[in-house]
Amino acid sequence: MALYLGIDCSTQSLTAIVIEVEGDIRRVVFNQSLNFDRDFPEFGTRGGVNRGATDDEVHASPLMWASALDRMMARLARAAEIDLERLHAISGSAQQHGSVYLNSFAHEAWRRLDPSMALAPQLKDTFARQESPVWMDATTTRQCREIEDALGGAEALRLLTGSPACERFTGPQIRKFFQQQPVDYAATSRIHLVSSFMASLLAGLDAPIDPGDGAGMNLMDLVNERWSPAALEATAPLLSEHLPPIRPSWEVFGTLSPYWQKRYSLPPAAIVPWTGDNPSSLIGTGIVHEGVPAVSLGTSDTVFTCTAEPARGSSHIFRSPTGDFMNLACFRNGSLAREAMRLEYDLDWDAISSLLEKSPGNGGSLMLPWLERETTPLVEHAGLRRFGFDRSDPERNVRGLIEGQMMAIANHAAEITTAPIERVIATGGAAVNRAILQVMANVFGADVYRLDIENSAALGAALRAYHAGSLAVGEPVSWKAAVSGFTEPKPGYRVFPNPKHVAMYAALRKDYAILEQIHQDRQPIC
Ligand code: ADP
Ligand code: XUL
């Protein structure tokens, strides 16, 4: 039976999942995490990151990620329950946008690694920049505007790369580094993403960047999956010489290097390019074709889809590891606004659930849930807009907020998918609330499946290892077959729409869309 390893190097932790696949047998045989704050106190992180002079300067040490990789491989090698001789392929994912700056000693150091010694100390002289900026860094507003100006504005950049210039994206970060530390930039021989850096450490040679993570840089021509010469030029000099090539996500590019083979008695498993954690989650939630949006109800709410063509209604478009497009719309007022409403009326979640179950539709009253400035649609003036609500009535207000949120998500989800919506996958903290999922099912007019996956990015990586590893040995499996047996909801995790309410919400959603358009640019009035 073959084993496949997926590793996710996220902001706060590193997780490894090993899956076993043979015919109909499909199971997770190893699933462990290391927490950066707890397990690597020597790096002094909080929430996996370090702050600079200001709170919006956020970075982490690539040596910490290397240490975590080394320790996780040690754990894996010690796991008596799995026979690692059967490990066929390894892939991974990482927090998106973060960048690692290597000097000219790095490649030689990788080749000469001594398997009797820990990894990180052997890498300490290989960086042109000791700390890597990560996605939480927001210090590049000036560079964003400069790049957009050079490329014809935010919309032109969005059409080219899938996103307007964003502070956390790699291109603006590289530009800031070049402007503020020109000597260190000149000493940089290679710039990797966190994902391609980690893949390089496994293979002992430069890993490519995959189009899924490449799309988070403001540097890649999204449709053609190539570095955009114009974007590179607008960012920093000689950048094309510093970046690894972009290669398909499913193309094996190396084997586990002798360092790992000797250090932990591992076989020469195939190494598959790593991708970003969001594209990897797409695979880990089983979204490998159109018509199945996933809604994550976290601090913010996010909806994402997989489409054959880019869906231009998105906040961001990445590439999916399937070769399709991953479209994302982000709603800033997710749990943030639900929590505020809960506190306003001093309710617990059970009380919220029972209020939601009463008389859906609120008699047609609508609320625009823009407590904070909103990203989808773009709303500059914060403030809930309540139309026809008596503020002393908790029931109507609570329902008004959540119905408004679900109508916004459903309407905008329709803009980022071309196929009819078959079902919706719900994840994130608020997805435990069945009453909220019932509103979602009624508003979408589709079944809602709750997935209870703790690390969909690591699972996605293991599934990608399986898919690419099989292709490399001439036994290709379809994406649908690759994810099957791993991404189905547990029994009892389905919520069905109530046909009576579906018709009502279908009409209300149209009113909601009109209201949203009218008030998007206006100050709140209530
Ligand atoms: P993030 O990953 O963005 O930190 P999570 O996906 O962990 O967020 O979701 C956390 C949120 O889940 C909390 O802010 C809380 O409002 C919400 N939440 C937790 N339990 C419930 C519940 N029973 N009903 C609705 N929302 C809930
Ligand atoms: C996506 C983003 C984060 C990081 C960290 O654009 O910045 O989701 O990938 O998880």
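The values are calculated or read from the model by the stated rules, or taken from the named source; none is laboratory data. In this text the structure is predicted, and so the values were computed from the model without any measurement. Cβ placement follows ideal geometry from the backbone for every residue including glycine, while neighbour counts extend to all protein chains displayed. Quick note on the areas: whole protein, heavy atoms, side chains included, nothing else; ligands and nucleic acids left out. Shrake-Rupley method; radii C 1.70, N 1.55, O 1.52, S 1.80 Å.
Condition check ((1) free of Cβ contacts under 8 Å to residues at least 24 places away in the same chain; (2) in contact with a helix residue (DSSP H, G or I) (Cβ under 6 Å, 6 or more places away or on another chain); (3) among the small types (Gly, Ala, Ser); (4) farther than 27 Å from Gly52 by Cβ) across all residues:
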residue: Ile82; (1), (2), (3), (4): no, no, no, yes
residue: His88; (1), (2), (3), (4): no, yes, no, yes
residue: Ser93; (1), (2), (3), (4): no, yes, yes, no
residue: His97; (1), (2), (3), (4): no, yes, no, no
residue: Ser104; (1), (2), (3), (4): no, no, yes, no
residue: Arg111; (1), (2), (3), (4): no, no, no, yes
residue: Met117; (1), (2), (3), (4): yes, no, no, yes
residue: Ser132; (1), (2), (3), (4): no, yes, yes, no
Check: Among the residues of region 396-413, how many are free of Cβ contacts under 8 Å to residues at least 60 places away in the same chain and open to solvent by 20 Å² or more (accessible area, probe 1.4 Å)?
Finding: 1
Next item on the list: Would you point out the residue of region 145-160, among those that are touching a Leu at 6+ places or on another chain (Cβ under 6 Å) and not charged (D, E, K, R), that is most open to solvent (accessible area, probe 1.4 Å)?
Entry: Leu151
Item checked: Yes/no for Phe105 being closer than 19 Å to Ile209 by Cβ and either among the hydrophobic types (A, V, I, L, M, F, W, C) or surrounded by fewer than 13 Cβ atoms within 10 Å (Cβ to Cβ) (or both) -> no
Checklist line | Lone unmet requirement of (1) on the phi < 0 side of the Ramachandran plot; (2) surrounded by fewer than 23 Cβ atoms within 10 Å (Cβ to Cβ); (3) within 16 Å of ligand 2 (Cβ to nearest atom) for Asp393 | finding: (3)
Notebook entry, point to check: Hey, among the residues in region 373-390 that are out of contact with any Ser or Thr (no Cβ under 7 Å at 6 or more places or on another chain) and hydrophobic (A, V, I, L, M, F, W, C), which one's least open to solvent (accessible area, probe 1.4 Å)?
Noted result: Val379
Note to self: Within region 126-144, take every residue that is within 16 Å of ligand 2 (Cβ to nearest atom), open to solvent by less than 20 Å² (accessible area, probe 1.4 Å) and polar (S, T, N, Q) and give me the one that is farthest from Glu167 (Cα to Cα).
What the structure shows: Ser132
Notebook entry, point to check: Just a yes or no: is a residue in region 161-180 among the charged types (D, E, K, R), over 19 Å from Gln95 (Cα atoms), open to solvent by 50 Å² or more (accessible area, probe 1.4 Å) and in a loop (DSSP other than H, G, I, E, B)?
Noted result: no
Item checked: Candidates Glu42, Glu81, Glu108, filtered to the one that is out of contact with any Pro (no Cβ under 9 Å at 6 or more places or on another chain), under 23 Å from Glu454 (Cβ atoms) and not hydrophobic (A, V, I, L, M, F, W, C) -> Glu81
Checklist line | The one condition in (1) loosely packed, with under 15 Cβ neighbours inside 10 Å; (2) under 20 Å from Thr170 (Cα atoms); (3) of a type in the set (Lys, Arg) that Arg51 fails to fulfil | finding: (1)
Checklist line | Members of region 231-252 that are surrounded by fewer than 17 Cβ atoms within 10 Å (Cβ to Cβ) and in a helix (DSSP H, G or I) | finding: Glu233, Ser240, Glu241
Note to self: Filter region 414-434 down to the residues that are open to solvent by 10 Å² or more (accessible area, probe 1.4 Å), small (Gly, Ala, Ser) and within 12 Å of ligand 1 (Cβ to nearest atom) and list them by number.
What the structure shows: Gly428, Gly429, Ala430
Margin query: Looking at Gly474, Gly429, Gly445, can you tell me which residue is within 25 Å of Pro360 (Cβ to Cβ), of a type outside the set (Lys, Arg) and at pLDDT 95 or above?
Written below: Gly445
Next item on the list: Might you check whether a residue that is in a loop (DSSP other than H, G, I, E, B), free of Cβ contacts under 8 Å to residues at least 12 places away in the same chain and over 26 Å from the mean Cα position of the chain (by Cα) occurs anywhere in region 493-505?
Entry: no
Note to self: Given the criterion under 29 Å from the mean Cα position of the chain (by Cα), surrounded by fewer than 22 Cβ atoms within 10 Å (Cβ to Cβ), in contact (Cβ under 8 Å) with a residue 24 or more places away in the chain and more than 22 Å from Pro293 (Cβ to Cβ), identify the matching residue among Ala513, Ala472, Ala462.
What the structure shows: Ala472
Margin query: Being away from ligand 2 (no atom under 14 Å from the Cβ) and within 13 Å of the chain's Cα centre (by Cα) is the filter here; which residues of region 289-302 pass it?
Written below: Val295
Next item on the list: Would you check which residues across region 326-340 are in contact (Cβ under 8 Å) with a residue 60 or more places away in the chain, touching a Ser or Thr at 6+ places or on another chain (Cβ under 9 Å) and not aliphatic (A, V, I, L, M) and list them?
Entry: Asn327, Phe331, Asn333, Gly334, Ser335
